[in-house]
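K.L.:
What follows is a single structure, and I will ask about it in a moment.
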Amino acid sequence: MAPTEDAAAATPPPPPHFVIVPFVAQGHTIPMVDLARLLGSRGARVSLVTTPMNAARLRGVAGHATRAKLALDIVELPFPTDVAGLPPGIEHVDQVTNHNHCVLLFAALRRLAEPLEAYLRSLPPPRRPSCLVSDWCNGWTAAVSARLGIPRLFFQGPPCFYSLCDINAVDHGLHEQTAAARDDTEKFVVPGMPVRVEVTRATAPGFLNSPGWESQWAESMDAMRTSDGAVVNTFFDLEAQFLACYEAVLGKPVWALGPFCLANRGDAEATASRGNAPDVARQSAVTAWLDAMDTDDSVVFVSFGSLVRKLPNQLFEVGHGLEDSGVPFVWVVKESEAAAPEVAEWLAALEVRVAGRGLVVRGWAPQLAVLSHCAVGGFVTHCGWNSLLEAIAHGVPVATWPHFADQFLNERLVVDVLGVGVPVGVAEAPVMMLGDESAPVVGREDVARAVAALMGDGEEAGERRRKAKEYGEKAHRAMEKGGSSYESLTQLIESFRQSGGEKKTEDGTVHAWSPLKEQKKIDCYCNGSTDAEA
């Protein structure tokens, strides 16, 4: 017997299907895996699309149990093997050892458009994508979603503060001004910001806008402009004014769903393995060392992310600075940095001198587990947004040492606006991620001073700690039921559940459906206002 009309009407629509396309870099992939967890935990179907080598990484990071529980699929697209000049086996930014290979890697990734389209077309109607969520760097996905009529959101990794600076810099010609600067010390005010923000030629906002990257930059900017909205890893109580201004300038809905790292709360294995396959032995060793500390908030954690590789002369200064500070520390040194014989010998000697007070971790460390440990009271960081937001979410103040891209403006946010950071004092010039012989060396005195200020007992240090703890509490509330990020995620899922992923006009043309989002209105200066610049 055919179902009655009433029974058919009562049948709930299938869960929305989000297809997520991360960029192939650790700092981009980690939050998008967290986003997949968040969507899956609320009943959505999620597919993570990447290349074979990166799929293997994702399977280790996401965890088999997590995928089974959350209906998470990992889809492999064939990686092109005939890109002239790109060595075989490079499918991830972390594998790049030559700056010239970065452009070639981007060129290879753009050729994933055809297999992505073939995969999307192959999905049967019940699994038709409701929405494509693509990293800002993957601008090549825009043409695919347009051809198939699939709504597309872009994921912007940095905070709204940075993203607002970036879009205002483009809209108001800041890049042309900084290009004509007399030298790297001349300062420029970023227009259209609700607070005064100064940059130099070297620290002006912008991804992929240096020589040689023009086509990739133009493609990503156009993809941003033609998207149906943005997903950001932040929360309302942290960036309310910048979130509202960014949405106004972008002219599209912006969903603040973070901190994504708290998607792992309550899951010890996921917390320990975030960003890497589980390493039980290393996790246990670090945790045991921290457990032995008899005072809360007494240890400083030092790590500079997955990309920055410091040369030996800079590593020595970091180590001496930590030793001279007198503060207990956990310091992460990459295997590639520790490989040189002189570095290995020096680190071994350092470990003898600071035995019981300092722990040097060679290779990967379980950063989220470390930051959530009660013994850790400060974090020396490169100012990648993932790391900063992980610290904020766990109430840990930071010492800031930016190196490139968004990191200089991220420093301004946490130091000048949020008041939870103290700068190491790095010269305002970019440091290449693969090691730069010409980069200025930050001396041990500056390292020791910043650590002492961060971990000290003075009024300023106490105020930083108070603010950090307060933001940490707000971060957890944002992710709980009824919190701003929780409710924003609800709106996102329900919008695409109800839309079915497309809207057709009378002439049969398929248009991406742009969801509407209720959001508190914040009084702020946007769209070129100069009042905040006076």
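K.L.:
Criterion first (surrounded by 18 or more Cβ atoms within 10 Å (Cβ to Cβ), in contact with a Cys (Cβ under 7 Å, 6 or more places away or on another chain) and either touching a residue at least 40 places away in the same chain (Cβ under 8 Å) or outside any loop (DSSP other than H, G, I, E, B) (or both)) does L368 satisfy it?
P.N.:
yes
K.L.:
Taking interchain pairs and intrachain pairs at least six residues apart, which have beta carbon atoms under 9 angstrom, with the first residue in region 457-477 and under 24 Å from L262 (Cα atoms) and the second of a type outside the set (F, W, Y) and open to solvent by 90 Å² or more (accessible area, probe 1.4 Å)?
P.N.:
Correct list of pairs: H476/R265.
K.L.:
OK, next. Please go through region 152-175 and give me each residue that is part of a helix (DSSP H, G or I) and either among the hydroxyl-bearing types (S, T, Y) or without any contact (Cβ under 8 Å) to a residue 12 or more places away in the chain (or both), ordered by number.
P.N.:
Hits for region 152-175 are Y162, S163.
K.L.:
Within region 263-310, restricting attention to residues that are over 30 Å from L38 (Cα atoms), in contact with a helix residue (DSSP H, G or I) (Cβ under 8 Å, 6 or more places away or on another chain) and assigned to a loop (DSSP other than H, G, I, E, B), which residue is modelled with the lowest pLDDT?
P.N.:
Of everything passing the filter in region 263-310, R309 is modelled with the lowest pLDDT.
K.L.:
I've got another one for you. Quick one: would you say G40 is open to solvent by 20 Å² or more (accessible area, probe 1.4 Å) and either at pLDDT 85 or above or not aromatic (F, W, Y) (or both)? Give the steps one after another, and end with the answer.
P.N.:
Values: open to solvent by 20 Å² or more (accessible area, probe 1.4 Å): no; either at pLDDT 85 or above or not aromatic (F, W, Y) (or both): yes.
No, not satisfied.
K.L.:
How many residues does region 217-253 hold that are crowded, with 24+ Cβ neighbours inside 10 Å and in a strand (DSSP E or B)?
P.N.:
Selection size over region 217-253: 2.
K.L.:
Which of the residues that make up region 285-297 are open to solvent by less than 30 Å² (accessible area, probe 1.4 Å) and within 24 Å of A461 (Cα to Cα)? So that I can check it myself, show each step before the final result.
P.N.:
Within region 285-297, the first condition is being open to solvent by less than 30 Å² (accessible area, probe 1.4 Å), and the residues that meet it are 286, 290.
Residue satisfying the conditions is L290 alone.
K.L.:
Return the residues of region 186-203 that are out of contact with any strand residue (DSSP E or B) (no Cβ under 7 Å at 6 or more places or on another chain) and free of Cβ contacts under 8 Å to residues at least 40 places away in the same chain; say none if nothing qualifies.
P.N.:
Passing the criteria: E186, R201.
K.L.:
Scan region 103-116 and give yes if some residue there is buried (at least 22 other Cβ atoms within 10 Å of the Cβ), at pLDDT 90 or above and of a type in the set (G, A, S), otherwise no.
P.N.:
Checked against the condition, which is being buried (at least 22 other Cβ atoms within 10 Å of the Cβ), at pLDDT 90 or above and of a type in the set (G, A, S), region 103-116 yields no hits at all.
K.L.:
Test G149 against the criterion of being of a type in the set (G, A, S), in contact with a helix residue (DSSP H, G or I) (Cβ under 7 Å, 6 or more places away or on another chain) and touching a residue at least 40 places away in the same chain (Cβ under 8 Å), and give yes or no.
P.N.:
No: the conditions fail for G149.
K.L.:
Given the condition open to solvent by 10 Å² or more (accessible area, probe 1.4 Å), farther than 20 Å from L257 by Cβ and in contact with a Ser or Thr (Cβ under 7 Å, 6 or more places away or on another chain), answer yes or no: does some residue in region 129-149 qualify?
P.N.:
Yes, because at least one residue in region 129-149 is open to solvent by 10 Å² or more (accessible area, probe 1.4 Å), farther than 20 Å from L257 by Cβ and in contact with a Ser or Thr (Cβ under 7 Å, 6 or more places away or on another chain).
K.L.:
With the checklist (1) of a type outside the set (A, V, I, L, M); (2) touching a Phe, Trp or Tyr at 6+ places or on another chain (Cβ under 6 Å); (3) at pLDDT below 85; (4) under 30 Å from V170 (Cβ atoms) in hand, flag the one item G212 doesn't pass.
P.N.:
The failed condition is (2).
K.L.:
Could you list, in sequence order, the residues of region 344-365 that are outside any helix (DSSP H, G or I) and touching a strand residue (DSSP E or B) at 6+ places or on another chain (Cβ under 6 Å)?
P.N.:
Hits for region 344-365 are G358, L359, V360, V361, R362, A365.
K.L.:
Now, a different point. Test L48 against the stated conditions and say whether it is open to solvent by less than 20 Å² (accessible area, probe 1.4 Å), farther than 25 Å from S485 by Cα and modelled with pLDDT of 90 or more.
P.N.:
So L48 fails the test.
K.L.:
While we're looking at this one, here's another question. State all residues of region 328-344 that are farther than 12 Å from V360 by Cα and open to solvent by 20 Å² or more (accessible area, probe 1.4 Å); if no residue qualifies, say none.
P.N.:
Passing the criteria: S336, A339, A340, P341, E342.
K.L.:
Please determine whether any residue of region 193-210 is in contact with a helix residue (DSSP H, G or I) (Cβ under 7 Å, 6 or more places away or on another chain), open to solvent by 10 Å² or more (accessible area, probe 1.4 Å) and not in a loop (DSSP other than H, G, I, E, B).
P.N.:
No: zero hits.
K.L.:
Then there is this: Quick check on my filter: what residues within region 393-406 are open to solvent by 10 Å² or more (accessible area, probe 1.4 Å) and either within 19 Å of T203 (Cα to Cα) or part of a helix (DSSP H, G or I) (or both)?
P.N.:
At the first step, the residues of region 393-406 found to be open to solvent by 10 Å² or more (accessible area, probe 1.4 Å) are 394, 404-406.
Result: F404, A405, D406.
The values are calculated or read from the model by the stated rules, or taken from the named source; none is laboratory data. Because the structure is a prediction, the values reported are computed rather than measured. Here the Cβ is made from the backbone with ideal geometry for all residues, glycine too, and neighbour counts use every protein chain on show. With ligands, DNA and RNA removed, areas are computed over all heavy atoms of the protein, side chains included. Shrake-Rupley method; radii C 1.70, N 1.55, O 1.52, S 1.80 Å.
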